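What follows is a short report on a single structure.
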Amino acid sequence: MLFLLLGLLFLALKYLEIGFMANIGWWWAALPFGLAFFYWEVLDPYLGISKKRAARQVEARKQARIDKLREANHPHLRKGRRR
């Protein structure tokens, strides 16, 4: 997402000819879009970054659900304290 925002910023600066972007080529302004494509189509599937993040979120939701049910069914067995 960072690459896309950076690409939009660079394109706007290039189109309006503001700052350092006024003197460089359009390829440099479009480079962040290529990097975003490379990340999402090559690195992310190869390294499994999104899948790992999704698995952690599912596991956290599952644990929260278990804790909530445990508290509802056995209020005297609070997490970290046993009688």
Report every pair of residues separated by at least 6 positions or lying on different chains whose Cβ atoms are under 9 Å apart, first residue within the range 60-83 and at pLDDT below 75, second surrounded by 10 or more Cβ atoms within 10 Å (Cβ to Cβ) and outside any helix (DSSP H, G or I).
ARG83/LEU77
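Quick grid of which residues meet (1) at pLDDT below 90; (2) open to solvent by 100 Å² or more (accessible area, probe 1.4 Å); (3) among the basic types (Lys, Arg):
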{"residue": "LEU4", "(1), (2), (3)": "no, no, no"}
{"residue": "LEU16", "(1), (2), (3)": "no, yes, no"}
{"residue": "TRP27", "(1), (2), (3)": "no, yes, no"}
{"residue": "LEU43", "(1), (2), (3)": "yes, no, no"}
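The values are calculated or read from the model by the stated rules, or taken from the named source; none is laboratory data. The model shown is predicted, which means the values in this text are computed figures rather than measured ones. In this analysis, Cβ positions are derived from the backbone assuming ideal geometry, glycine residues included, and neighbour counts consider all displayed protein chains. Only protein heavy atoms, including side chains, enter the accessible area calculation; ligands, DNA and RNA are left aside. Shrake-Rupley method; radii C 1.70, N 1.55, O 1.52, S 1.80 Å.
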